[in-house]
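Report on one structure; see the data block that follows.
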Amino acid sequence: MKKSWILPLIATALVAQQTPEAGTKPKDELAELQALLNVQIVTASRFSQGADDAPATVLVVREDQIKRRGYHSLADLLKDLPDYKVENRADVEWYTDVTVRGVPGHDKFVILLDGIKISSPANEQIPLLENYPIHFAKQVEVVLGPASALYGPDAVSGVINIITSDRDRGVEAELRGGQDGARLGNFFLITPLAAGMKLSLGGQWSQDDQADLSKDYSEFEGFAPQRTGSFNTIFGPRTASGYDPNPSFTVKTQALFGAISGGGLRFSFFTNSSRTPSSVDNKPGSAIYSEDVFVGHRLTVLGLSHVAQAGAFAFQSSLQSGEYRLNPNSNFRNAFTADGATIGTGYKYAESGSLKAEEQVTWSPQETFNLIGGLSLERTHAIPWSTDLNEPVNPNGAVAGTIRGTTLPADFFPLNYNNLGAYLQGQFVASSAIILTAGLRYDDNSRYGSSTNPRLGLVWHVNPSHTLKVLYGTAFLAPSPYAAFAHFGSFNTTVNGPGPESFFWRLPNPGLKPIKERSLEVGYKGYLSGTLSISATVFRTELRNLYSLQNDATSTRLYNGVYKGLDVAYIEVRTNLGTQKNTGGTVRLDYLNFFGNGIQVNPYLSWSHVDGKVDPKEDGHEIEIGRVAPDIIRAGLDVQGAMLSGSLRVTRVGDQRMEALDASGERRLRIGRYTVVDLNVKAEFGKGIYAGLGVSNLTNKRYYNINQAATDQASSIEFVGAPQDLRRAFLSVGWKY
């Protein structure tokens with residue numbers, strides 16, 4: 001592995017440390033470094049405390065870092081964080097995928113906006129793109145590890161909380177454009193209202209026509225099949241008509257946020273939408289890349305909260321509603337949706353909504369002790385993802401449709417269920433050096449049963465410069481309606497309708513249970529000098545009741561080889577089977593120094609490692625975990641001057657493991673390692689006007705991300721590894737007042 005990019009960072013740090021100019025550095029260097037790394041957070045314990053005191057590993061990205069690095073979405077931010085791997089173009093249904101400490105899926109962490117959940121109500125996976133903007137954030141707090149003891153279902157990999165700006169007033173707007181039809185606009189407004197209230201309003205819109213990857217990746221075959229209408233798939237020759245032969249793979253997103261707050265009362269709303277190609281992981285020889293072949297997601301969340309103080313007691317009451325809908329025109333058009341020899345269209349539909357009330361009480365009788373307790377009740381309704389349909393569902397009428405290629409009525413599974421949650425957590429400062437935390441949450445769900453999740457934490461400040469943390473916690477992934485009920489397949493068709501036998505269907509399992517997780521973690525942070533900090537964590541995570549696709553005939557026996565009264569040669573059902581054990585850790589160095597003229601320099605370097613074994617059949621036969629890159633190195637250099645700032649970031653990803661196994665059944669298929677360099681430069685011109693230049697993949701590296709669906713080159717119609725963009729440049733102009 002080439003390490004030439006590490007040496008300049010070390011040299012920069014040494015030069016900065018040896019050649020300071022008098023009068024340019026803060027009087028207390030350690031305090032300045034701690035201000036960078038030990039910021040006040042609320043997410044780890046649901047009350048404000050320094051990150052070094054929190055009983056969790058917390059990564060915080062501040063507003064100035066967001067601006068300096070040119071982040072325009074939560075995905076931009078996460079891909080630069082240790083322990084995270086963000087996959088782009090990884091899945092046809094939700095486009096992106098996120099793996100945290102070897103646990104894949106962005107259904108396994110909870111996204112909050114000022115403490116209000118903005119993940120989907122029934123935990124449907126939503127693309128993580130510019131539909132989750134962060135330009136209005138004061139900071140983004142990322143808690144790693146199980147958090148169900150406070151946050152309940154689905155906080156398996158952690159919690160992400162976007163904290164909005166707390167300024168009294170201000171206006172900001174930005175326009176961004178780049179190669180391949182990339183354009184983006186956003187704004188943010190804060191203004192006082194009458195009676196001590198304040199209005200915050202922000203929005204973002206983006207469209208990216210995306211680079212024509214067929215110019216750089218031979219797998220796209222120059223889109224020749226789409227241009228001719230003749231597709232030579234592994235299922236045999238197929239034809240298609242009624243589409244634009246010029247390929248299109250545009251990504252569109254929108255988001256709008258607003259809040260009115262004051263006097264302890266806050267009303268907020270958040271809505272976003274995304275539209276991504278549904279052919280994204282299929283080779284053009286088996287799929288149509290067209291503007292109308294897409295998946296669209298929309299989410300709307302409303303929140304109302306009130307905070308009051310009465311002596312040693314603090315009360316927080318909240319009411320939240322959420323609504324998710326899959327665009328009824330969402331569809332797939334590939335070899336799997338073929339009717340006979342013709343590639344047809346398969347439409348999809350899903351929706352969900354929830355209403356949640358929560359009351360939290362905090363008792364702080366003295367500075368050394370506090371107790372937090374809460375009670376929540378959530379009512380959820382959902383219609384999980386449908387099978388492929390002949391026509392789009394009319395969302396304003398009865399939800400109904402027919403199975404693609406037949407006249408058979410499609411199954412929809414309306415669900416209504418409740419979740420009652422109760423939690424209690426105490427934190428005690430045993431001395432000036434030791435902080436003890438213990439918590440417990442109980443959840444009872446009318447659909448899948450109950451779960452109890454404890455949390456224990458020990459924080460030991462060995463001295464003002466060195467801190468040790470020992471953390472234990474459990475979490476659970478609720479079986480989402482998608483996981484339990486999403487189904488698809490096809491019937492052989494003739495002129496008169498369904499044939500006598502279908503080859504394949506994946507069908508629902510209403511009895512699916514939660515995935516359970518427990519984790520033990522040890523962390524250390526040391527301020528080695530007034531300018532240099534080191535942090536290290538090691539963890540051991542175990543997951544039980546994994547979701548596994550099994551042959552219904554030999555395992556669940558729910559369907560006995562028949563669906564819709566017709567014989568099916570193979571029915572698979574998702575069930576709970578398998579255990580997984582992950583071990584890993586991260587080491588990170590952070591350096592902060594000041595040159596003359598107020599120039600701030602902040603190099604950083606991290607190495608994250610994760611590996612593990614999975615026992616997919618719980619028979620004692622373990623194989624290596626998939627959908628991971630065991631080793632990832634990240635390095636960066638942030639520079640802030642009076643009028644000019646910049647950020648250079650380097651990511652080195654080691655060999656990547658796919659989900660699929662090789663012929664031996666023991667080893668995951670591999671995708672090659674890669675190094676990506678990203679650059680962002682920003683210039684300020686006075687009166688709040690600024691301009692920026694961003695370059696992604698600066699060295700023009702041809703590389704691949706992990707593609708969930710791919711198997712091996714010979715038997716897969718999907719890409720074996722998702723091809724990624726080569727170098728792209730973006731210009732932005734903005735105004736901030």
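The values are calculated or read from the model by the stated rules, or taken from the named source; none is laboratory data. On a predicted model such as this, the values are computed, not experimentally measured, just so you know. Note that each Cβ is placed from the backbone with ideal geometry, even for glycine, and that neighbours are counted across all protein chains shown. The protein model used for the area step is the full one, side chains on, heavy atoms only, and it has no ligands, DNA or RNA in it. Shrake-Rupley method; radii C 1.70, N 1.55, O 1.52, S 1.80 Å.
What number, in percent, do you get for the relative contact order of the stretch 649-720 if the mean sequence gap of Cα pairs under 8 Å and at least 6 apart is divided by its residue count? Please report the intermediate quantities before stating the final value.
Values: 118 pairs, mean separation 21.3, N = 72.
Here the relative contact order equals 30 percent.
Between K687 and T402, what FRET efficiency comes out of the Förster formula 1/(1 + (r/R0)^6) with R0 = 45 Å and r the beta carbon distance, rounded to 0.05? Show your work: numbers first, answer last.
Working: r = 61 Å, r/R0 = 1.35.
After rounding, the FRET efficiency stands at 0.15.
Each residue, A341 and S555, gets one label point 7 Å from its Cα in the Cβ direction; the gap between the two is 3.7 nm.
Judged by the mean number of other Cβ atoms found within 10 Å, the most tightly packed of the peptides 546-554, 57-65 leads the ranking 57-65, 546-554.
Apply the a/c threshold of 1.5 to the C-alpha gyration tensor of the stretch 257-312 and tell me whether it is rounded, prolate or oblate. Show your work: numbers first, answer last.
Details: a/c = 7.80, a/b = 4.24, b/c = 1.84.
Prolate, because a/c is 1.5 or more and a/b exceeds b/c.
For K348, a cut-off of 29 angstrom between C-alpha atoms picks up these lysines, skipping any fewer than 8 places away in its own chain: K85, K108, K117, K252, K283, K356, K513, K564.
Using a probe of 1.4 angstrom, how much of the accessible area of the chain is carbon and sulfur, in percent?
Here it works out to 58 percent.
On full extension, the segment bounded by F413 and D244 gains 57.4 nm, given 0.36 nm per residue less the C-alpha separation. Rounded to the nearest Hz, the phi-derived 3J(HN,Hα) couplings of the stretch 459-471 under the Karplus curve 6.51 cos²θ - 1.76 cosθ + 1.60 (θ = phi - 60°) are 10, 10, 7, 4, 7, x, 10, 9, 10, 10, 10, 10, 10, where x marks glycine and proline.
Only aspartates and glutamates eight or more places from K687 in sequence, or on another chain, were considered; those with a Cα closer than 16 Å are E172, E174. Compute the Cα gyration tensor for the stretch 464-595, then decide on rounded, prolate or oblate, letting a ≥ b ≥ c be the square roots of its eigenvalues: rounded whenever a/c is under 1.5, prolate when a/b is larger than b/c in the other cases, and oblate in all that remain. Note, shape of the stretch 464-595 comes out prolate.
Given 20 °C and 1.002 mPa s, compute D for the stretch 112-250 with the Stokes-Einstein relation, Rh being the Kirkwood radius over Cα pairs; round to the nearest whole µm²/s.
Numbers: Rh = 19.5 Å.
Answer from the Stokes-Einstein relation: 110 µm²/s.
With respect to the chain, whose longest principal axis is taken over its alpha-carbon atoms, helix 6-18 is tilted by about 10°.
Taking N as the number of residues in the chain, what is its alpha-carbon radius of gyration divided by 2.2 N^0.38 Å?
That works out to 0.96 for the chain.
In a fully extended conformation the segment linking I534 and A224 would gain 106.3 nm over its present Cα-Cα distance, using 0.36 nm per residue.
If you take the beta carbon distance between D655 and K617 as r and set R0 to 25 Å, what does 1/(1 + (r/R0)^6) give as a FRET efficiency, to the nearest 0.05?
Details: r = 26 Å, r/R0 = 1.03.
So, using R0 = 25 Å, E works out to roughly 0.45.
A simple rule links phi to the HN-Hα coupling: the Karplus curve 6.51 cos²θ - 1.76 cosθ + 1.60 with θ = phi - 60°, which for the stretch 609-622 gives 9, 8, 8, x, 10, 10, 10, x, 10, 6, 10, x, 9, 9 Hz, with x for Gly and Pro.
Sites listed here are chymotrypsin sites (Phe, Trp or Tyr not before Pro) in the stretch 182-214 whose DSSP assignment is loop and whose Cβ has at most 10 other Cβ atoms within 10 Å, and the list is empty. The residue list H466, Q425, Q139 was ranked by how far each Cα lies along the charge dipole of the chain toward its positive end, using unit charges on Cβ atoms, and H466 comes out on top.
Here the stretch 357-487 yields Rg over Rh of 1.23, to two decimals, using C-alpha coordinates and the Kirkwood radius.
Placing dummy labels 7 Å off each Cα toward the beta-carbon, the span from L175 to S446 is 5.2 nm. Packing order of peptides 429-439, 145-155, 512-522, highest average first: 145-155, 512-522, 429-439 (average count of other Cβ atoms within 10 Å over each peptide's residues). Rounded to whole numbers, the Karplus 3J(HN,Hα) couplings from phi for the stretch 59-73 are 9, 10, 10, 8, 4, 5, 6, 4, 5, 5, 8, x, 5, 10, 7 Hz, using 6.51 cos²θ - 1.76 cosθ + 1.60 with θ = phi - 60°, and x at Gly and Pro.
Listed cross-link partners K67/K682; K79/K736; K67/K138 are compared with a 19 Å cut-off, the Cα-Cα value being larger for K79/K736. Starting from the Kirkwood Rh over alpha-carbon pairs, what translational D in µm² s⁻¹ does the stretch 319-431 have by Stokes-Einstein at 4 °C and 1.567 mPa s? For these conditions, the coefficient is 73 µm²/s.
Please work out the FRET efficiency for the pair A433 and A308, using the Cβ-Cβ distance as r and a Förster radius of 30 Å; give the result to the nearest 0.05. Display every interim value, and only then the final one.
Details: r = 34 Å, r/R0 = 1.12.
The pair A433/A308 has a calculated efficiency of 0.35.
State, as an integer percentage, the relative contact order of the chain based on alpha-carbon contacts under 8 Å between residues 6 or more apart.
Numbers: 2055 pairs, mean separation 88.5, N = 737.
Taking the mean separation of contacting Cα pairs over the length of the chain, I get 12 percent.
Accessible surface calculations at 1.4 Å, restricted to protein heavy atoms, place the chain at 40 Å² per residue.
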